Amino acid sequence: MKKLIALFMTAVMLCTVLCALAEEAQLAPLYATVGEALEDSADGRVIAGGEAGYYAVVTLKDGKYYRSVAYYDETMSQLEEAGNSLDFEAEDFFEKLEAAMNAAEEYRMTLPIAYSELFTAEPLPEDEMASRIGKTLSQLTEEGFEIGSNGTETDENDEMIIVYTLRYGVYDYDCLVDADFDQYMAAQENGAEGDLVVKGMTLNGITAWAYEARFHTDGTVEEPEDPFAEFSDIMAEIMTLVEKVQAGEEADIAAFADALKANHAEYADLIDMYVTLFQTYGAEGFVSLMTSGE
């Protein structure tokens with residue numbers, strides 16, 4: 001019993017500490033409004049955006065990056081919805097869209113900052129960046145780097161260079177690759193960009209996506225949800241059924257469709273369409289239809 005009580009007290013204390021740390025992560029607002037935060041955007045770059053009912057702006061102060069968060073109110077949500085619900089076939093669609101976007105942007109600037117938070121994650125030190133020199137882009141992606149933008153730039157001698165921007169954690173890094181323009185274009189055309197060798201790496205700054213909540217201030221990053229994951233699951237189940245039918249097994253198509261729609265209610269119409277195609281063309285014809293675009 002004493003051991004159980006001790007374990008319980010330890011759990012309570014741990015929870016208390018973690019809650020306190022979570023509270024400390026949220027600082028008092030550095031700015032009054034979104035507009036004020038944008039005026040002080042991080043090192044000349046505008047790193048800001050909204051998702052799931054909030055808008056965040058990243059700024060740089062005394063060498064530290066901060067994210068200031070504002071929540072949407074009913075008015076902000078209505079203004080965005082007004083733009084999204086316009087009839088795109090109307091003659092004055094573009095005029096109304098511009099007006100709706102301007103109205104939403106103007107109001108967004110007035111949203112109050114609810115809290116600010118400090119990015120405690122540190123970028124890679126110089127020696128770790130130097131250790132990547134000589135590696136290929138593929139090797140870096142295997143280490144956890146994510147390739148973002150790429151293109152041509154000019155160096156201090158006004159000579160053309162090829163630079164890839166890679167994200168690692170919550171920071172972006174500019175990687176100079178050992179290739180001239182022709183080699184760069186050939187690598188893109190042949191799908192061989194991963195073979196390009198890095199000959200220089202420098203810190204670009206906090207990632208341009210740092211306004212997203214999935215980029216945590218401690219440097220951990222949540223992988224974005226795959227918007228096609230459920231659709232892929234549905235197709236996998238359908239193709240499994242098709243393979244069974246092709247192998248000569250009996251199948252209750254109606255029962256299969258009902259079960260599939262029960263698990264994926266939002267895709268009921270799509271499931272009905274695929275079932276109709278299967279019933280109309282049979283297993284072989286269905287497979288042919290599904291693979292005709294490959």
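The values are calculated or read from the model by the stated rules, or taken from the named source; none is laboratory data. Here the structure is a predicted model, which is why all the values come from computation and not from measurement. Here Cβ is always computed from backbone atoms with ideal geometry, including for glycine, and neighbour counts include all displayed protein chains.
Within region 112-128, the set of residues being within 24 Å of the chain's Cα centre (by Cα) and farther than 14 Å from Ala28 by Cα comprises Phe119, Thr120, Ala121, Glu122, Pro123, Leu124.
Taken over region 98-142, the criterion of being closer than 21 Å to Asp172 by Cα, part of a helix (DSSP H, G or I) and not charged (D, E, K, R) is satisfied by Met129, Ala130, Leu137, Ser138, Gln139, Leu140, Thr141.
For every residue, the table says whether it meets (1) farther than 21 Å from Ala208 by Cα; (2) at pLDDT 85 or above; (3) surrounded by 14 or more Cβ atoms within 10 Å (Cβ to Cβ); (4) not basic (Lys, Arg).
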{"position": "Leu7", "(1), (2), (3), (4)": "yes, no, no, yes"}
{"position": "Leu14", "(1), (2), (3), (4)": "yes, no, no, yes"}
{"position": "Ala22", "(1), (2), (3), (4)": "yes, no, no, yes"}
{"position": "Lys64", "(1), (2), (3), (4)": "no, yes, no, no"}
{"position": "Arg67", "(1), (2), (3), (4)": "no, yes, yes, no"}
{"position": "Met101", "(1), (2), (3), (4)": "yes, yes, yes, yes"}
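Does region 77-99 hold any residues that are among the charged types (D, E, K, R) and either modelled with pLDDT of 90 or more or over 19 Å from Gly49 (Cα atoms) (or both), and which are they? Residues satisfying the conditions are Asp87, Glu89, Glu91, Asp92, Glu95, Lys96, Glu98. The residue that is nearest to the chain's Cα centre (by Cα), among those in region 245-276 that are surrounded by fewer than 11 Cβ atoms within 10 Å (Cβ to Cβ) and not aliphatic (A, V, I, L, M), is Glu266.
Looking only at residues in region 64-97 that are in a loop (DSSP other than H, G, I, E, B) and without any contact (Cβ under 8 Å) to a residue 12 or more places away in the chain, the one that is nearest to Thr207 (Cα to Cα) is Ser85.
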